[in-house]
Each structure stands twice: as C-alpha cells, then as structure tokens.
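Comments concern the structure below.
The values are calculated or read from the model by the stated rules, or taken from the named source; none is laboratory data. Being a predicted model, the structure only gives us computed values, none of them experimental. Quick reminder, even Gly has a Cβ in these numbers, built from the backbone with ideal geometry, and neighbours come from all protein chains shown.
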Ligand SMILES: [Zn+2]
C-alpha cells in the first residue's frame, strides 16, 4: 500500500464517516452566499476558512494579502426594439464597462471564433455580436475573454453570449482583464435562440442597452494553513481551491465545493495524528474569478520556494473522482498507478490525462514548472448546468462525491509528502515551452496579455 493502512484508515473514516466540511459549506452558502474578493462578503468567507483551519488543529494559519480591483455589478437593461419589443434576460460579464448606453443592430456571429469574424469582415463594425458558448467541432475551446477580444478587434459595439443551459439562465464570468472597452454580457439561451431565428429569417433586430457597474480598489487574502513536515519541512505539497465566487449565486459548486474539499482534506490529515516527511499546505485562493489573482500572487511572492514545491493539487468544481490528471507529464508515474489501485474501492480507475489546460488556480504553478497533480472527476447532478448563473446553490453539491474527492486528495498529498524521494521534478523552461506548444496553449496565453 502506497499510503500505510493506519493513515489510509483514518483519512477514509474522517472524510466519509465523520465529515465536517459539507455542513460548514452550507453555513457559508446561506450566511455569506456570493463572495467577491476584497468586498465584505469576501472578507467574511476568508474568516470562515481561517476559523475552521484553526479549529481543526492546522498550523501557521495565516492570511496573505493581495491588492484587487473590486468590480461591482450595477444595473443592466437590455431591450429589443425591432422587430418585436421584449426585454432580454441578461447579466453583465465581470469587468464590463462602468457605464454604457447604446442601441445597435444584432449580428449572429456563430461561435465568435476568429474564423467567424474573418468570414463576417467589416459588417461587424458597430454591431452587437451574438454568439453561443461553444466552438466548431475539432477547434480549441475558447474562454469568453478570447471571444470578446476578437469582437473588440473587429470593431463590434458589444458582445452577447447566450447560455448553453436552458431555463432563462444567463451566465456571468470575467470578460476582460481590466475594465472592458465595450459592453459584454450573458443572455439566456431562449433569448439567444429567438434572436438567431429572427436574423435567419431576414430581420435585423435592434437592441437598446443601458449598463452601470463600478470599480473600487481593495485588499483580498489567500488563507493558508500547514501541517509541518517531520523530516523535510521546507519541501511542500499544496492543495488549494478558490474561495471567491460570482456575486449572483451562492457559489456552491463554483467553488464552495472545491474549497470544502480542501478543508475536509485539511481536517482529515490533521486528525491522522502523524506528520509526513514533507509539509502539507492548504490554500483557499482569492480572486480566481477575475483572473487567478490569488494563485498568481502566491507564485510571485514565493518564487524562491517553487523549487521545493513537490506537488500542487487544485480543486475547482471537482466532482466524483475517477482518475488522475498530471498536466505536462506524458508518462504515468508508478506512484499514481499505485494510488489509483489503492483507491479503486471509492471509484478511482487507471484513467490518466496529461494534456495541459488553463483557467484555474493550477495555471500559475503549472506554467512555472511546478508539478500539478489533479483529479479527473465527474460533476454529477445539476452543478454544471447552473455554472456562473443564479442557480449555483447549496442543494446542487453532492456530499458523497465531496467526501470521496477529499479522501482521494488526502491520500495523494500523503503519498507525495511521505515518499523517500520526490516523485516529480520541476519542469525546465524548455519543457514548459514544449508543453505550451504541444497542448496548444500559446494563443490562449497571448490573449491574457
Ligand atoms: Zn471556479
């Protein structure tokens, strides 16, 4: 057994039979709800994390501050004026302009990929671009920031992305790093489909938009806690998840769930009563939703410690785990195979992924070459449907899946932290460049600049 029975038994008992974090997540969802880093709600959430790390016996429980811009949603009114009159169910994207008043014609831009804008050419100028959330088959998935960037470059007056989820559920999410120069919003699937039908039938729908938002400067905090290693305390295995969420919901699946998994792992490993050789560190990241600010700040502030980071686990909307994802590491390490074998009774298989991806808090670590060891997991139920919409509430969180993810995560941390030799080396700059090219990340990374 890669994780000894005395430790494994305790982890399983704590995560599955005596879980703590699910109940505390309920408190967070109901009593704090949406959590904006730097705002009062964000502060209260950070204190929640600090309180339970302390209560459960973690060491060096601390805050690390970072400056953030606090984007605050104001009002948005979106009314179709021709050929029929109705109000769209719309939600501004994060970092949308603080003030915008305009009327413009709507243009169907398909998926709003680069090729869509090339096909449409000059007609995009001054129009409101309508698109869905997807891309054409075989194309690289696009983040909404990339779609907005193409729209800006094409001279569009604004961007409307309609939801892939039915039920009058527009989605929010960051659209630009800094205040966006043109309006950007999510609208409901039903409104998007109606506009598309009208355009296909030859109509030229016009939409009147009035939008108000505000920006302020603030300070957010990453919350950190340790179990100090017994032999190599300077070498660290870290598990983190972002604590902030969008304002419109309770942020239950995104990412109260991941935060609770990290908390449960911390609770179980503290209860295990024995220290592994290396230090275990737990992190609740701030301001992920507006650009991975908390994890970026950590990587920057601790640059001289990255050589001694032996593994980083990230939990973001993590469902029921079934495999390992170790980006940039083509060969499955024998430790990973042994862990999956030991954990087969709670759903782990030998499935293995290594294709690197972006847009969560593993990213700054991965691009610094720090080994990222994450879980492939299936988000069951409705969590995905309500992503970034008003429906992301506590009832969607599966307690059994949360417990299993925490148990697998805790075993994984222990195995890396107690191994005689570090299982994963830090990638060299050349190896990082190779990963970026092979896994087709270059263009998406350019869009972040
Ligand atoms: Zn998230």
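Here are some notes:
- Residue check, residue 297 in the same structural domain as residue 318 (by TED's automatic domain parsing), within 17 Å of residue 53 (Cβ to Cβ) and either touching a residue at least 60 places away in the same chain (Cβ under 8 Å) or within 15 Å of the chain's Cα centre (by Cα) (or both): no
Table: residues versus (1) surrounded by 24 or more Cβ atoms within 10 Å (Cβ to Cβ); (2) away from the ligand (no atom under 16 Å from the Cβ).
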position	(1), (2)
227	yes, yes
234	no, yes
250	yes, no
264	yes, yes
269	yes, yes
282	yes, yes
287	yes, no
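- On the stretch given as the range 42-68, residues that are touching a residue at least 40 places away in the same chain (Cβ under 8 Å), surrounded by fewer than 19 Cβ atoms within 10 Å (Cβ to Cβ) and in contact with a helix residue (DSSP H, G or I) (Cβ under 9 Å, 6 or more places away or on another chain) total 7.
- The set of residues in the range 374-390 that are on the phi < 0 side of the Ramachandran plot and over 16 Å from the mean Cα position of the chain (by Cα) comprises 380, 382, 390.
- Leading residue by the ranking (surrounded by the fewest Cβ atoms within 10 Å (Cβ to Cβ)) among those in the range 85-104 that are part of a loop (DSSP other than H, G, I, E, B) and touching a residue at least 40 places away in the same chain (Cβ under 8 Å): 98
- Tally of residues being out of contact with any strand residue (DSSP E or B) (no Cβ under 6 Å at 6 or more places or on another chain) and outside any strand (DSSP E or B) across the range 216-246: 5
- Whether a residue is surrounded by fewer than 22 Cβ atoms within 10 Å (Cβ to Cβ) and more than 16 Å from the ligand (Cβ to nearest atom) was assessed, and residue 347 passes this test.
- Scanning the range 417-449 for residues that are touching a residue at least 24 places away in the same chain (Cβ under 8 Å), under 20 Å from the mean Cα position of the chain (by Cα) and not in a loop (DSSP other than H, G, I, E, B) turns up 436, 443, 444, 445, 447.
- Consider the range 133-159 and keep the residues that are in contact with a helix residue (DSSP H, G or I) (Cβ under 7 Å, 6 or more places away or on another chain) and under 24 Å from residue 104 (Cα atoms). The one that is surrounded by the most Cβ atoms within 10 Å (Cβ to Cβ) is 159.
- For the range 123-136, a tally of residues being touching a residue at least 24 places away in the same chain (Cβ under 8 Å) and outside any strand (DSSP E or B) returns 9.
- Qualifying residue in the range 361-368 (condition: within 15 Å of the ligand (Cβ to nearest atom), out of contact with any strand residue (DSSP E or B) (no Cβ under 6 Å at 6 or more places or on another chain) and not assigned by TED's automatic domain parsing to the domain that holds residue 146): yes
- Taking the numbered list (1) surrounded by fewer than 17 Cβ atoms within 10 Å (Cβ to Cβ); (2) within 26 Å of residue 252 (Cβ to Cβ) in turn, residue 383 passes all entries but (1).
- Residues in the range 291-314 that are buried (at least 24 other Cβ atoms within 10 Å of the Cβ) and over 14 Å from residue 366 (Cα atoms): 293, 294.
- Condition met for residue 314 (within 22 Å of residue 432 (Cα to Cα), at pLDDT 95 or above and within 13 Å of the ligand (Cβ to nearest atom)): yes
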